[in-house]
Structures are given as C-alpha cells and as structure tokens.
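What follows is a set of notes on a single structure, which appears directly below.
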Amino acid sequence: MARSLRRVFGMPAFTALAGGWVLLLGGCATTIVPPALVEDPQAVFVLDHGRHSSLVLPHPDGFVRYAYGDWRWYAEVETGGTEASRTLLWPSAAGLGRSQTEGDMTAGGVRAALIVGIQDLHELQVETNRLATLRSSLERLHRENHASLKYNAAYDLAFVEHPEAYAFWNNSNHKVAEWLQRLGCAIEGSAFWAWWRVKPPEGSGPERTGIDTGSSLGE
C-alpha cells in the first residue's frame, strides 16, 4: 500500500499525506468495551506508556507482558530521527516483545514490578478460556521465532521477529486493540494512539479512563 502511494504521489506528497492521516487518526480516544457476560473472569491490563501500549496477561508464574513494534527501533535500538521518519512513512519489519514477571497480577503489582513508565493502566475482565487461547498463541509465536531473539533492557522485553509488517496503520496500539478483540472486547475508534478509555457494557456503570499517573516511557 505505502509503496503504491509513494509511486503515485512522490515522496514529499506522500509524507504530507501520511502526516495528515496521523492527525486524522490521532484525534480521538479509543474506547474499549469489555464483554458483557463473563462466566469465568480473569483480569488483564492494558498499559499506556505515553505513545504506545502493551498488554499484560496472567501467567501461572505471575504475569506476562506483550508488546508489538518496529524491529529496528525496539530490537536493534536504532532510535534516531531517520528511524522515526522511516517507521512513519512505510511498512517495516516488526517484533513481538515479551517479558515474564513473578509478581502479583494486580494493578499495584504490575506498577511495582515493571521498570517502564506507565501513564495509564486499564483493568478489564475477560473470559479465562479466551485469555488462555490468546496467551498460548502469543507464546507459540514467540517460541517459534526464538532464533531471532534480541533483548532490549530499556523496556525489559525480549523481542523476536513478528510475521506482520509494522506501519503507522498497524502499530503497537492497533496490535493491542486486535488482541483485545480476540479476548471478546469491542473496540471503538482508530487505536492509533495509546489514548484509551473503557466503556463498561450497557447498564454496568460509567466510562472509565486510566488510573495511573506515573511517568511515561514511550515504546
């Protein structure tokens, strides 16, 4: 898609077009609507790190955190201005980050255990069987690509290659939204930025925003 647009418009026009899409898509919060009926609930956490998001799931030995992002930015730690422009303008190789922590699977336990900044934290209740299916899928993907593993100490995440290309229309927040849909949540909005709010199913209470006001470290 991006290559075709560059061919039609040329690089300056494509850059302007991409910037316009960023402004358009980034103008509104993304709403998470958890499943209305949860017979066997377990908590999961969506973490807003300022610009990017990650997902925390319970694990038999504590909890496990997953994040998706540009491979060169996160795994290779190439974070200059050129890299930032490149990730905005066209698709690139992506990575799946994982970290496992032997902490309490609570909001306080997650905040205390992780070294990365958390701007907002959102707790959701989802079905245990859906959660187990998603976690198994992500664990398998990480395990199958273990040969490419690179550890980023700044984020405490072990990255492996992800088969889907990273792009401004398929970034870390879009991937978290996709994972939440697999957990039975509905997503309203573009999910371009890590600006989340939670709208409980109809009749179950008011909308909620994140509750953590700690410092932010983007991913």
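The values are calculated or read from the model by the stated rules, or taken from the named source; none is laboratory data. Everything quoted here is computed from the prediction, not taken from an experiment. No Cβ is skipped: glycine too gets one built from the backbone with ideal geometry, and neighbour counts run over all protein chains shown.
Taking Gly97 as meeting all but one of (1) at pLDDT 90 or above; (2) surrounded by fewer than 22 Cβ atoms within 10 Å (Cβ to Cβ), write down the number of the exception.
(2)
Keeping to segment 104-126, report how many residues are of a type in the set (Val, Ile, Thr) and farther than 9 Å from Leu47 by Cβ.
Going through segment 104-126 one residue at a time, the tally reaches 3.
Can you go through Tyr166, Tyr151 and tell me which one is over 16 Å from Leu57 (Cβ atoms), in contact (Cβ under 8 Å) with a residue 12 or more places away in the chain and not charged (D, E, K, R)?
Matching residue, one of Tyr166, Tyr151: Tyr166.
Among Thr79, Thr15, which is among the β-branched types (Val, Ile, Thr), in a loop (DSSP other than H, G, I, E, B) and modelled with pLDDT under 85?
Step by step, each of Thr79, Thr15 is checked, and only Thr79 is among the β-branched types (Val, Ile, Thr), in a loop (DSSP other than H, G, I, E, B) and modelled with pLDDT under 85.
Which residues, taken from segment 142-154, are over 14 Å from Val64 (Cβ atoms) and not aliphatic (A, V, I, L, M)?
Matches in segment 142-154: Glu144, Asn145, His146, Ser148, Lys150, Tyr151, Asn152.
Residues in segment 135-171 that are on the phi < 0 side of the Ramachandran plot and outside any strand (DSSP E or B): how many?
Count: 21.
Output the residue which, of all residues in segment 172-186 that are touching a residue at least 60 places away in the same chain (Cβ under 8 Å) and assigned to a helix (DSSP H, G or I), is farthest from Val33 (Cα to Cα).
Step by step, filter segment 172-186, then rank; the result is Ser172.
Check off (1) surrounded by 16 or more Cβ atoms within 10 Å (Cβ to Cβ); (2) part of a helix (DSSP H, G or I); (3) modelled with pLDDT under 95 for Arg51 and give me the number that stays unchecked.
Arg51 satisfies all of (1) surrounded by 16 or more Cβ atoms within 10 Å (Cβ to Cβ); (2) part of a helix (DSSP H, G or I); (3) modelled with pLDDT under 95 except (2).
Scan segment 185-219 for residues that are surrounded by 19 or more Cβ atoms within 10 Å (Cβ to Cβ), at pLDDT 95 or above and not β-branched (Val, Ile, Thr) and jot them down.
Those that are surrounded by 19 or more Cβ atoms within 10 Å (Cβ to Cβ), at pLDDT 95 or above and not β-branched (Val, Ile, Thr): Cys185, Trp196.
Any residue in segment 82-93 that is β-branched (Val, Ile, Thr), under 21 Å from Ile187 (Cβ atoms) and either at pLDDT 95 or above or buried (at least 16 other Cβ atoms within 10 Å of the Cβ) (or both)?
Scanning segment 82-93, I find no residue that is β-branched (Val, Ile, Thr), under 21 Å from Ile187 (Cβ atoms) and either at pLDDT 95 or above or buried (at least 16 other Cβ atoms within 10 Å of the Cβ) (or both), so the answer is no.
Output the residue which, of all residues in segment 102-148 that are surrounded by fewer than 13 Cβ atoms within 10 Å (Cβ to Cβ) and among the charged types (D, E, K, R), is nearest to Val56 (Cα to Cα).
That would be Glu102.
Collect the residues in segment 102-136 that are in contact with a helix residue (DSSP H, G or I) (Cβ under 8 Å, 6 or more places away or on another chain) and hydrophobic (A, V, I, L, M, F, W, C), keeping them in residue-number order.
Ile118, Leu121, Leu124, Leu134
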